[in-house]
1. Based on the Cβ-Cβ distance of K27 and M158, what FRET efficiency does E = 1/(1 + (r/R0)^6) give at R0 = 45 Å, to the nearest 0.05?
2. Using 1/(1 + (r/R0)^6) with R0 = 30 angstrom and r between the beta carbons of K199 and V168, what's the FRET efficiency to the nearest 0.05?
3. Of L202, V168, A219, which is farthest towards the positive pole of the range 163-238's charge dipole, taken about the Cα centre with +1 and -1 on the beta-carbons of Lys, Arg and Asp, Glu respectively?
4. Which order do the peptides 197-210, 71-84 take when ranked by the mean count of other beta-carbon atoms within 10 Å per residue, highest first?
5. Suppose each label sits 7 Å from its Cα in the direction of the beta carbon; what would the I237-Y221 distance come out to in nanometres?
6. Using unit Cβ charges (K, R positive; D, E negative) and no other charged atoms, how large, in debye to the nearest 20, is the dipole of the range 144-278 about its Cα centre?
7. Between F246 and E209, what is 0.36 nm times their sequence separation minus the Cα-Cα distance? Round to one decimal in nm.
8. Simple spin-label model, 7 Å along Cα-to-Cβ: F134 to A262 in nm?
Amino acid sequence: MTNNEMMKNGLEPNEARNDEIKKSNRKALPMFILIVLICGIIGGVAGYTAAKYGLSRLAAGFGDAEAFFGEKIAPWLLLIVAIVVLVVCIPIYKQAKSLYASWDGEDEVVSDEIDQKLSKVIWVSSAALVFGFFLIAAAYSGGFEILDGASNIPLFFMSIVAFVLIMVEGVMLQQRCVDMAKKMNPEKKGSIYDTKFQKEWLESCDEAERIMIGKCALASYGATNKACAILAAALAICALIFGIGFVPSLAVCVIWLVNMYAYYKEAAKYNKAGYKLF
């Protein structure tokens with residue numbers, strides 16, 4: 001509602017704005033209360049069921065499954081991930097390289113296709129690294145007792161080698177993708193091996209690219225907040241039912257706090273500079 005519309009309705013701008021805010025809050029409040037009630041009911045039912053039927057006994061079964069996964073399955077999955085990264089990313093990168101070799105420097109259709117292929121390589125290698133960290137943690141979950149079993153030693157060291165291979169693949173592939181992007185866009189700066197790479201790259205981007213990065217970052221921020229909220233609630237219930245302790249919840253909450261702190265720190269900095277971000 002504009003100021004002129006407010007005056008026509010006989011309302012002061014501030015009064016009309018307050019009414020609009022109250023209506024918006026009243027509209028959203030019932031759904032919020034419903035979600036809170038549903039979560040409370042789920043938590044209460046889960047707690048009562050665990051206490052009455054002794055579901056905490058399942059924790060022992062999960063512990064055995066966890067140990068088996070870490071000792072026998074995780075090392076092989078690490079090796080598979082390392083192979084999949086090469087099988088998937090190398091052909092895509094070669095396609096991008098072939099397109100770049102035939103690019104005249106002006107055709108935006110070809111340029112966009114190259115960018116898409118490079119983005120796929122970066123995404124796949126980054127996702128593989130995340131899975132690699134999870135799987136190496138699973139392989140380590142048995143502690144040094146794993147080394148007591150002769151049959152487990154080869155798998156244990158294979159998991160380490162596969163994890164290192166995943167890291168090396170990720171760095172090399174992303175370095176090649178960044179180098180190609182810099183050849184296509186000479187104004188781009190930064191080396192992937194530099195700890196300030198993201199800052200230098202952002203500074204070399206034009207206004208349109210910065211807006212796109214900002215929108216992507218905001219979407220990522222929102223998705224991370226939702227994921228952390230869901231995980232924190234789920235892990236709290238699991239701590240009650242399966243006795244997993246508070247460390248998993250602590251890890252999620254630390255990520256959640258870092259995510260919020262980084263956003264609001266940057267928002268406050270730009271707000272002082274005259275940019276209204278919130």
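The values are calculated or read from the model by the stated rules, or taken from the named source; none is laboratory data. Given the structure is predicted, the values throughout are model-derived calculations rather than measurements. Reconstructed Cβ throughout: ideal geometry from the backbone, glycine too, with neighbour counts over all protein chains shown. What goes into the accessible areas is simple: the full protein's heavy atoms, side chains included, and nothing from ligands, DNA or RNA. Shrake-Rupley method; radii C 1.70, N 1.55, O 1.52, S 1.80 Å.
1. Working: r = 57 Å, r/R0 = 1.26.
E between K27 and M158, to the nearest 0.05, is 0.20.
2. Numbers: r = 25 Å, r/R0 = 0.82.
Working from the Cβ atoms, E equals 0.75.
3. Positive-most Cα among the choices belongs to A219.
4. Values: 197-210: 12.6, 71-84: 18.6.
Highest-to-lowest ranking by the protection proxy: 71-84, 197-210.
5. 2.9
6. Values: 14 positive and 12 negative charges, 127 e Å.
That gives a dipole near 600 debye.
7. Values: separation 37, 0.36 × 37 = 13.32 nm, distance 4.11 nm.
Taking F246 through E209 to full extension adds about 9.2 nm, to one decimal.
8. The answer from the label model is 1.9 nm.
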